[in-house]
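Asks: Next up is a structure, given as structure tokens.
Nothing in this text is a laboratory measurement; each read-out follows from the coordinates by a stated rule. Just so it is clear, the structure is predicted and the values come from calculations on it, not from any experiment. FYI the Cβ positions are ideal-geometry reconstructions off the backbone, even for glycines, and counts take in every protein chain you see.
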Amino acid sequence: MLTKASFALIFAVGLVATTNVSFGPNALPLAYQGKALPANASHHLIVGTRLFADRLLSQQVVLKSSSWLQIVTKEVTFHTLNRENITQVKALDQKTNGNGAYASITYGGPGNRNVTLRFKSQRGHGINFVVEIYGR
């Protein structure tokens with residue numbers, strides 16, 4: 001018969017065994033470590049929610065070429081017109097092989113009238129994103 005302590009121990013061991021723990025921007029889930037990445041290994045950033053009444057406020061391609069064995073960065077600020085508020089920010093990575101850059105919001109975003117995105121490439125690769133800003 002299982003006691004409460006042994007049941008808790010079995011539960012904790014099972015939880016740890018099934019959890020994928022990854023740290024850092026280049027960390028991969030345990031299922032992919034040491035294996036080929038899936039075909040759709042993009043680094044999309046999608047923040048906020050989009051409702052039926054929201055419209056596309058801005059769409060822009062963000063490009064920066066690679067520099068040999070260097071990490072390249074780029075910051076881009078998007079402003080809305082007519083005092084509209086941002087509801088969703090989508091930064092869609094166009095490299096689907098896992099070599100794409102990473103996007104992060106450094107200022108503003110959903111609920112604000114502007115957003116600043118920072119793009120950081122992987123070493124030896126460039127930046128290629130399509131950014132879509134939705135709002136109302």
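Asks: What is the ratio of the Cα radius of gyration of the stretch 45-135 to 2.2 N^0.38 Å, with N the residue count, to two decimals?
Replies: Working: Rg = 13.6 Å, N = 91, 2.2 N^0.38 = 12.2 Å.
It is 1.11.
Asks: Enumerate the amide H contacts of His44 below 5 Å, restricted to partners 5 or more residues apart or on another chain; note that Pro and chain-start residues carry no placed amide H.
Replies: Asp93
Asks: Okay, moving on. Compute the signed sum of charges (Lys and Arg +1, Asp and Glu -1) over the other residues within less than 11 Å, Cβ to Cβ, of His43. Provide the component values of the computation, followed by the final result.
Replies: On the way: positive: Lys95, Lys120; negative: Asp93.
After counting each charged neighbour, the total is +1.
Asks: A follow-up question, please. Which value, in debye to the nearest 20, gives the size of the charge dipole of the stretch 45-135 about its Cα centre, when Lys and Arg are +1 and Asp and Glu are -1 at the Cβ?
Replies: So the magnitude is around 140 debye.
Asks: A further question follows. Most exposed first by the Cβ proxy, i.e. fewest other Cβ within 10 Å, how do Leu117, Leu51 rank? Don't jump to the answer; show the numbers that get you there.
Replies: Numbers: Leu117 25, Leu51 9.
Starting with the residue having the fewest Cβ neighbours, the order is Leu51, Leu117.
Asks: Cross-link partners among aspartates and glutamates for Lys64, C-alpha distance below 12 Å, same-chain residues fewer than 8 apart left out?
Replies: Glu75
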